[in-house]
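The values are calculated or read from the model by the stated rules, or taken from the named source; none is laboratory data. None of these values were measured; they are calculated from a predicted model. Backbone-built Cβ (ideal geometry, glycine too); neighbour counts: all protein chains shown.
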Amino acid sequence: MSYATKMQLRMLVPCLAPLAFTLLIAWAVSVLEGLPEMLGGHPVESMLPDNILLAGLSLTSLLTIVQAIRVWRWSKGEGDLCYVCGCLLGFEKLGKRGVYRPCLGCDTSHPVG
C-alpha cells in the first residue's frame, strides 16, 4: 500500500463515521417507534428515522466534499505537504516537544513554527 493510498484512506474514514452513527440512531428510533404496536397499542408513524438518516447523509456528503477538495489541491501540489513522502499534513496536535502536524501518509511529525 502506497503512502498516497494510506493518506486517502485516513481522510475517508472520518467522513464515514457520521453515517455509521446516524444509521445506528435511526435503527434505534425505528425500533422504539414500533414498540407500542408490539405491545398492542396503536402504531406510531413518523418520519424521524428518515430525517435522522438524511441528516447523516448530508453531513457525510459535506465532509467528503471537503476532503475531496483537499485531495484535489494536493494533486495540484498545493497545501502543506510532507517533505518525506509528499502527502498532506493533518491537523495540529500538541505533543511533548510542542505543536506538530502529522503526515497522513508516512506518520512523520512536522513541527509547526
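Details
- Here the stretch 84-113 is the region considered, the condition is being in a strand (DSSP E or B) and of a type in the set (K, R), and the residue that is surrounded by the most Cβ atoms within 10 Å (Cβ to Cβ) is R101.
- The set of residues in the stretch 99-108 being at pLDDT below 90 and over 20 Å from the mean Cα position of the chain (by Cα) consists of T108 alone.
- Screening V13 on (1) within 21 Å of M1 (Cβ to Cβ); (2) outside any helix (DSSP H, G or I); (3) modelled with pLDDT of 90 or more shows it passes everything except condition (2).
- Exactly one residue out of L81, L23, L39 is modelled with pLDDT of 90 or more and of a type outside the set (D, E): that is L23.
Rundown of residues vs (1) buried (at least 16 other Cβ atoms within 10 Å of the Cβ); (2) among the β-branched types (V, I, T); (3) on the phi > 0 side of the Ramachandran plot, yes/no style:
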site: P14; (1), (2), (3): no, no, no
site: T22; (1), (2), (3): yes, yes, no
site: G34; (1), (2), (3): no, no, no
site: A68; (1), (2), (3): no, no, no
site: C82; (1), (2), (3): yes, no, no
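- Taken over the stretch 16-43, the residue count meeting the criterion of being in a helix (DSSP H, G or I) and either free of Cβ contacts under 8 Å to residues at least 12 places away in the same chain or touching a strand residue (DSSP E or B) at 6+ places or on another chain (Cβ under 8 Å) (or both) is 11.
- When T60 is tested against (1) at pLDDT 90 or above; (2) more than 23 Å from K6 (Cβ to Cβ); (3) polar (S, T, N, Q), just one condition goes unmet, and that condition is (2).
- Unmet requirement for A55, which otherwise passes all of (1) outside any helix (DSSP H, G or I); (2) over 30 Å from R101 (Cα atoms): (1)
- Number of the exception - P43 against (1) within 30 Å of Q8 (Cβ to Cβ); (2) surrounded by fewer than 12 Cβ atoms within 10 Å (Cβ to Cβ); (3) in contact with a Gly (Cβ under 8 Å, 6 or more places away or on another chain): (1)
- Taking (1) in contact with a Cys (Cβ under 7 Å, 6 or more places away or on another chain); (2) loosely packed, with under 11 Cβ neighbours inside 10 Å in turn, M1 satisfies each apart from (1).
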